[in-house]
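Novice: Here it is, the structure, as structure tokens.
The values are calculated or read from the model by the stated rules, or taken from the named source; none is laboratory data. Computed from a predicted model, the values in this text were never measured in an experiment. Ideal geometry is used to build each Cβ from the backbone, glycine not excepted, and the neighbour counts take in all protein chains shown. In case anyone asks, the SASA skips ligands and DNA or RNA and just uses the protein heavy atoms, side chains included. Shrake-Rupley method; radii C 1.70, N 1.55, O 1.52, S 1.80 Å.
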Amino acid sequence: MPLDAEALGVEDRSDGFGNWWSLRDFRNFAWELRHDNGRGRKCKLEVRSMRGSVDTEELKARNATRAAAAAAKPGAEDGVEVSVVIPCLNEANSIGICVSKAIGAFGAAGLRGEVIVADNGSTDGSIEIAERLGARVVRVEARGYGSALRAGIAAARGAFIVMGDADDSYDFSDVPRFVEKWRQGNDVVMGNRFRGEIKRGAMPWHHKYVGNPALSSLLNLFFRTGIGDSHCGMRGFTRSVYDRMDLRSTGMEFASEFVIKAAQLGARIAEIPITLWPDKRGRPPHLRSFRDGWRHLRFMLLYAPNWLFVLPGAAFMFAGLALVLWLLPGPRAITPRITLDVHTMIFGVIFTLLGAQILSIGAFAKVFSYAERFDRSGAVSLKRVLKRVTLESGLLLGGVLFLAGFAGCAWVTWQWVASGFGPLAQVRQVLFWAMWLFLGLQIIFASFFLSMLGISRGTYIGDYELK
């Protein structure tokens with residue numbers, strides 16, 4: 001494609017072959033040719049970077065875009081200190097109340113703030129109401145509670161962000177209380193409805209006494225968050241800690257992911273008692289108790305491979321090995337009428353192999369979660385063990401167990417052959433040595449797969465923190 005110097009407004013000093021490298025007015029002149037391989041082939045020529053006396057219209061537009069982006073960041077000239085982000089989907093009955101309370105709180109506390117309504121496709125006039133009252137509306141095409149919040153937070157300009165629901169169940173007049181905790185040095189400020197007050201009719205009984213306490217307890221057990229109301233919809237956080245979280249959820253599990261990653265990052269977290277009021281939505285709730293409760297539980301389990309895989313796998317393997325070793329010498333009488341024999345030993349072998357398989361999957365999940373930056377915790381875990389284990393050490397362990405099991409099975413087979421292929425009396429020995437043979441094979445193949453997941457020649461996981 002020929003280059004038109006006249007169109008650029010400069011003198012044509014090419015060498016006649018389309019080479020522009022001799023132009024004195026340009027430095028670091030780079031072109032990128034992009035092809036669209038669709039039916040109608042297009043060729044687009046873009047200026048990536050240039051230095052000199054000439055400014056194209058495209059460069060001017062790009063510079064204007066960069067200036068606008070810079071102005072939208074915290075610390076810009078507008079001086080936005082606090083951003084209130086409200087996800088919205090058909091909340092015409094209450095969105096105006098929420099926006100007015102937030103703006104009123106800014107004025108009462110002397111805060112420089114903004115209200116952002118992340119609209120997820122409202123058709124009832126919510127957008128017009130929010131804009132009329134002074135909110136900035138961000139339209140979010142991707143459906144879901146998490147999608148709306150992520151888009152709204154991305155558009156926020158404040159150094160501190162407070163989020164809350166649009167149904168007026170949370171009082172946005174409390175925003176200054178969240179800001180006060182932030183100014184005391186906290187990175188995350190969580191509302192706690194159980195330490196505050198839950199008005200009559202504001203929360204179903206199974207949420208109040210079963211769902212929320214159970215899910216919060218599991219979060220504290222799995223991730224040591226130390227938060228009493230981990231699914232409270234009103235919370236505040238700094239822009240800096242949010243950017244480090246790399247949140248990915250699109251649905252209601254956004255609330256769980258937020259708390260998990262805040263704890264993993266070691267963020268300073270505080271709680272303040274708040275009041276939950278009966279909502280004013282005037283429509284069925286978006287929340288589905290069992291569906292969204294399961295999504296929270298599923299997300300927590302996927303982020304906790306130690307609890308999901310390692311502990312159950314270790315329990316199966318320990319129980320299986322104990323049964324095998326206990327029954328290896330001979331039958332064991334439990335009571336005069338109950339005797340455990342070789343049939344129970346078979347189950348012991350099965351439990352051992354099943355436990356080893358679950359542990360292998362746990363190792364795979366741990367390596368994957370670390371490689372994909374899901375696991376940001378620094379606690380003692382399988383991750384630290386795997387970082388110190390090489391592929392060769394795994395192959396050595398698996399090879400030793402396989403050879404031991406193979407040798408034991410060969411010895412039993414030799415005895416059987418020597419007896420003229422008569423009745424096989426060494427069933428216990430066959431089960432015992434076959435178990436080690438199978439374990440060795442599992443470890444060998446698991447070691448290769450772990451190394452592939454780690455994308456490292458030396459270790460299972462590799463030094464990702466150095467990248």
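Novice: Identify, from the list L297, L354, L321, L325, the residue that is assigned to a helix (DSSP H, G or I), under 30 Å from G251 (Cα atoms) and either within 36 Å of the chain's Cα centre (by Cα) or not small (G, A, S) (or both). Working first, answer last.
Specialist: Details: L354 fails: under 30 Å from G251 (Cα atoms); L321 fails: under 30 Å from G251 (Cα atoms); L325 fails: under 30 Å from G251 (Cα atoms).
Sole residue among the options that is assigned to a helix (DSSP H, G or I), under 30 Å from G251 (Cα atoms) and either within 36 Å of the chain's Cα centre (by Cα) or not small (G, A, S) (or both): L297.
Novice: Identify, by number, the condition in (1) in contact with a Gly (Cβ under 8 Å, 6 or more places away or on another chain); (2) touching a residue at least 24 places away in the same chain (Cβ under 8 Å) that G201 doesn't meet.
Specialist: It is condition (1) that G201 fails.
Novice: Could you say whether any residue in the stretch 329-337 is within 29 Å of the chain's Cα centre (by Cα) and not aromatic (F, W, Y)? Let's see the steps before the verdict.
Specialist: Filtering the stretch 329-337 down to residues within 29 Å of the chain's Cα centre (by Cα) leaves none.
Within the stretch 329-337, none of the residues are within 29 Å of the chain's Cα centre (by Cα) and not aromatic (F, W, Y).
Novice: Further question on the same structure: Of everything in the stretch 239-262 that's open to solvent by less than 30 Å² (accessible area, probe 1.4 Å) and aliphatic (A, V, I, L, M), which residue is farthest from F290 (Cα to Cα)?
Specialist: Among residues in the stretch 239-262 that are open to solvent by less than 30 Å² (accessible area, probe 1.4 Å) and aliphatic (A, V, I, L, M), the one farthest from F290 (Cα to Cα) is V241.
Novice: Next question. Among the residues of the stretch 212-239, write down those that are within 25 Å of G152 (Cα to Cα) and touching a residue at least 60 places away in the same chain (Cβ under 8 Å). Spell out the reasoning first.
Specialist: Initially, the stretch 212-239 is screened for residues within 25 Å of G152 (Cα to Cα), giving 227, 229-239.
Listed by number, the residues that qualify are H231, G233, M234, R235, G236, F237, T238, R239.
Novice: Something else about it: In this structure, is W294 open to solvent by 30 Å² or more (accessible area, probe 1.4 Å), aromatic (F, W, Y) and out of contact with any Asp or Glu (no Cβ under 7 Å at 6 or more places or on another chain)?
Specialist: yes
Novice: I would also like to ask the following. For the stretch 269-282, enumerate the residues that are assigned to a loop (DSSP other than H, G, I, E, B) and crowded, with 16+ Cβ neighbours inside 10 Å.
Specialist: If the condition is that a residue be assigned to a loop (DSSP other than H, G, I, E, B) and crowded, with 16+ Cβ neighbours inside 10 Å, then W277, D279, R281 are the ones that fit.
Novice: Is at least one residue of the stretch 167-182 crowded, with 19+ Cβ neighbours inside 10 Å, closer than 14 Å to S249 by Cβ and within 25 Å of the chain's Cα centre (by Cα)?
Specialist: no
Novice: Just a yes or no: is a residue in the stretch 121-135 farther than 26 Å from P278 by Cβ and open to solvent by less than 20 Å² (accessible area, probe 1.4 Å)?
Specialist: No, the stretch 121-135 contains no residue that is farther than 26 Å from P278 by Cβ and open to solvent by less than 20 Å² (accessible area, probe 1.4 Å).
Novice: Continuing with this model, one more query. Of the residues I153, I161, only one is at pLDDT 95 or above, within 25 Å of the chain's Cα centre (by Cα) and outside any helix (DSSP H, G or I); which? Walk me through how you get there before you give the answer.
Specialist: Working: I153 fails: outside any helix (DSSP H, G or I).
Step by step, each of I153, I161 is checked, and only I161 is at pLDDT 95 or above, within 25 Å of the chain's Cα centre (by Cα) and outside any helix (DSSP H, G or I).
Novice: For A105, indicate whether it is more than 21 Å from P278 (Cβ to Cβ) and either open to solvent by less than 10 Å² (accessible area, probe 1.4 Å) or touching a residue at least 40 places away in the same chain (Cβ under 8 Å) (or both).
Specialist: Values: more than 21 Å from P278 (Cβ to Cβ): no; either open to solvent by less than 10 Å² (accessible area, probe 1.4 Å) or touching a residue at least 40 places away in the same chain (Cβ under 8 Å) (or both): yes.
So A105 fails the test.
Novice: I've got another one for you. Within the stretch 184-204, identify whether any single residue is out of contact with any Asp or Glu (no Cβ under 8 Å at 6 or more places or on another chain) and closer than 17 Å to D292 by Cβ, and answer yes or no.
Specialist: Within the stretch 184-204, one or more residues are out of contact with any Asp or Glu (no Cβ under 8 Å at 6 or more places or on another chain) and closer than 17 Å to D292 by Cβ.
Novice: Pick from the stretch 391-421 the residues that are among the aromatic types (F, W, Y) and assigned to a helix (DSSP H, G or I): which of them is farthest from L441 (Cα to Cα)?
Specialist: Filtering the stretch 391-421 for residues among the aromatic types (F, W, Y) gives 402, 406, 411, 414, 416, 421.
Now narrow it down to the ones that are assigned to a helix (DSSP H, G or I): 402, 406, 411, 414, 416.
Numbers: F402: 6, F406: 11, W411: 19, W414: 22, W416: 24 Å.
Within the stretch 391-421, the match that is farthest from L441 (Cα to Cα) is W416.
Novice: Just one of the numbered conditions (1) at pLDDT 90 or above; (2) among the aromatic types (F, W, Y); (3) in contact with a helix residue (DSSP H, G or I) (Cβ under 6 Å, 6 or more places away or on another chain) is not true of F223; which one?
Specialist: (1) is the only condition that F223 fails.
Novice: Of the residues in the stretch 409-435, how many are under 25 Å from G394 (Cα atoms) and open to solvent by 60 Å² or more (accessible area, probe 1.4 Å)?
Specialist: 1
Novice: Tally time: how many residues in the stretch 185-205 are surrounded by 17 or more Cβ atoms within 10 Å (Cβ to Cβ) and of a type in the set (D, E)?
Specialist: 1
Novice: Sort out which residues of the stretch 136-175 are free of Cβ contacts under 8 Å to residues at least 60 places away in the same chain and out of contact with any Gly (no Cβ under 9 Å at 6 or more places or on another chain), and write them in order of number.
Specialist: Selection gives R136, V137, A151, A154.
Novice: Going through S216, S240 one at a time, which residue ends up being within 21 Å of S83 (Cβ to Cβ), in a helix (DSSP H, G or I) and hydroxyl-bearing (S, T, Y)?
Specialist: Result: S240 is the single residue among S216, S240 that is within 21 Å of S83 (Cβ to Cβ), in a helix (DSSP H, G or I) and hydroxyl-bearing (S, T, Y).
Novice: Please determine whether any residue of the stretch 301-317 is open to solvent by 30 Å² or more (accessible area, probe 1.4 Å), of a type outside the set (G, A, S) and over 24 Å from the mean Cα position of the chain (by Cα).
Specialist: Among the residues of the stretch 301-317, at least one is open to solvent by 30 Å² or more (accessible area, probe 1.4 Å), of a type outside the set (G, A, S) and over 24 Å from the mean Cα position of the chain (by Cα), which makes the answer yes.
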